[in-house]
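The structure under discussion appears below in the form of structure tokens.
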């Protein structure tokens, strides 16, 4: 497999200015492609800016919006990940990331986890996605898309890898905070994120591509620090903090196969175990009580305490 | 420019409050530039008292946009200390920014003398001075064509040691999330003159006044306490266990609670379908909001 050149567009989107951001995307897609990039990644809400609040509805687009397709035609030979506010037919607003290639929208991921705590208020303005799928791509490997907070939930990288993704792409608008001098790079947020990326790469033996924005929306400064991590968890490239730029990095997709042969932890995952235990936990959390215990366990209880369980009574 | 030669440290910095000053400058400089760009302004104006907070903001502003686009207004009252003025002037000299001296004594005295308030308390006078300075700054905002940049720190904001619509009035505040100890750390890193960092902080409303004597606290202790209380969510019992004096903990928690109103936009009675700040929520800086 030939090396894959990835371009990270660590940009500072202008809040609420869709067309201005679109023009910037076009420009950078052309530049990245000129530099030989085959995967070009833009940050979360790169087409709109992050702190939209009630502006969200004003900048929302349908998936058939010609402006979205226009980005695809800009890069005939590349796969591009862009992010925007998607309005569905029933007028829900989603934070979406789309893989566009070959002149069309190949795949759309709607952000699953909307942080609504601390400095975040996303659930007030957006609907949460309900599906998680990896997707074919013209890169020759399956790709898994996720948006920012999605990666603060273990099942997301796990499920994407189980669904065949070999490259996990997380696009973010992560606000920098916790400026303690004791942190790596002096920024708590950066340390946390980089730790997550390396961990997911190792646990899923996948390539991880993280594109985080820079710039300022209102009080919030986004920290950048975009990176590419190889399937062994090694950082191949890390972009500078707070600096706007188009960064290209070469990776070897053959590393994914090598890692998965040498360290077959993904092969050894037990999704059926996960399903069983999750079903039990889901029922337990819904307070369905003993009905969710395996039958043999219910019988054992009935024998030891001398009183038949409800299940045993029902059967008797 | 950092002074490292003195055997005695310039200030006491509790270890849990230490920040990466390079990252802080990076964030703040870009924050300042973005605020200006989004508002359609290129210049800043601030009230320079001679104290560390406004000195630090002046240095940050000069670093972010260049000293030639900064106007520092010195606004002494007749009882203000001469040292404050000297220190403010030294900041202007080091930075090479524009400055203006406006004596607020006639304005303040005219009000109190003319309205039978010649026996007004120091608190009333102090608040009136702060609001007079605010009025001057917002007038100079027009003549200079610049935004008023705030200079209040996190410590004074949290304990309410501010005058509402006085020293806390601004278009934006670059240091409002830094405790006094962190202001000192950043000031030392960016080159604020050592005398300004070393001298005891004062509102300078009467001769010899200092923050720490007036409030009977020390900034390092107060900053640590606020950090653990606010940022690290420790309760009163936990703080006492950590070694903070119970009486101090109780007093600081009271100060924080009673000054909540100073940190928030005043509530509007909800009547219509969409109410600003309640269910009409737009970014301050949105498309079309910039001055053209």
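The values are calculated or read from the model by the stated rules, or taken from the named source; none is laboratory data. The structure presented is a predicted model; accordingly, all values stated were derived computationally and were not measured. With ideal geometry, Cβ positions are generated from the backbone for all residues, glycine too; neighbour counts draw on all protein chains shown.
Quick notes on this one:
- Identity of the residue in segment A:190-216, at pLDDT 95 or above and within 14 Å of another protein chain (Cβ to nearest Cβ), that ends up surrounded by the most Cβ atoms within 10 Å (Cβ to Cβ): A:213
- Extreme residue, surrounded by the fewest Cβ atoms within 10 Å (Cβ to Cβ), among residues of segment B:121-151 that are part of a loop (DSSP other than H, G, I, E, B) and out of contact with any helix residue (DSSP H, G or I) (no Cβ under 7 Å at 6 or more places or on another chain): B:121
- Residue check for residue A:230: surrounded by fewer than 23 Cβ atoms within 10 Å (Cβ to Cβ) and over 24 Å from residue B:189 (Cβ atoms): yes
- Taken as a whole, the structure leaves residue A:233 outside the set of residues that are within 23 Å of residue A:199 (Cα to Cα) and within 14 Å of chain B (Cβ to nearest Cβ).
- Single match in A:57, A:37, A:96 (criterion: away from chain B (no Cβ under 14 Å), closer than 29 Å to residue B:38 by Cβ and modelled with pLDDT of 95 or more): A:96
- Enumerated helices (runs of 4 or more DSSP H) restricted to segment B:159-236, each holding at least 3 residues that are modelled with pLDDT of 95 or more: B:180-190, B:194-198, B:219-226
- From A:221, A:173, residue being within 14 Å of chain B (Cβ to nearest Cβ), within 17 Å of residue B:28 (Cα to Cα) and at pLDDT 95 or above: A:221
- Residues of segment A:3-28 satisfying the condition of being touching a strand residue (DSSP E or B) at 6+ places or on another chain (Cβ under 6 Å) and either farther than 25 Å from residue A:219 by Cβ or within 14 Å of another protein chain (Cβ to nearest Cβ) (or both): A:3, A:4, A:5, A:6, A:7, A:8, A:10, A:12, A:15, A:28
- Here A:160, A:187 are screened, and the one residue that is modelled with pLDDT under 95 and either crowded, with 19+ Cβ neighbours inside 10 Å or under 29 Å from residue B:287 (Cα atoms) (or both) is A:187.
- Any hit, segment B:270-280, residues being touching a residue at least 12 places away in the same chain (Cβ under 8 Å), part of a loop (DSSP other than H, G, I, E, B) and within 14 Å of chain A (Cβ to nearest Cβ): yes
- Here residue B:240 clears all of (1) touching a residue at least 24 places away in the same chain (Cβ under 8 Å); (2) surrounded by 14 or more Cβ atoms within 10 Å (Cβ to Cβ); (3) on the phi < 0 side of the Ramachandran plot except the condition numbered (1).
- Options A:242, A:247; residue that is closer than 30 Å to residue A:50 by Cα and more than 20 Å from the chain's Cα centre (by Cα): A:242
- Per the listing B:283, B:287, B:266, the residue uniquely without any contact (Cβ under 8 Å) to a residue 12 or more places away in the chain and away from chain A (no Cβ under 12 Å) is B:266.
- Residue in segment B:60-80 that is surrounded by 17 or more Cβ atoms within 10 Å (Cβ to Cβ) and modelled with pLDDT under 95 present: yes
- Qualifying residue in segment B:105-118 (condition: at negative phi, out of contact with any strand residue (DSSP E or B) (no Cβ under 7 Å at 6 or more places or on another chain) and in contact (Cβ under 8 Å) with a residue 60 or more places away in the chain): no
- Residue A:128 at pLDDT below 95, within 25 Å of residue A:58 (Cα to Cα) and surrounded by fewer than 24 Cβ atoms within 10 Å (Cβ to Cβ): no
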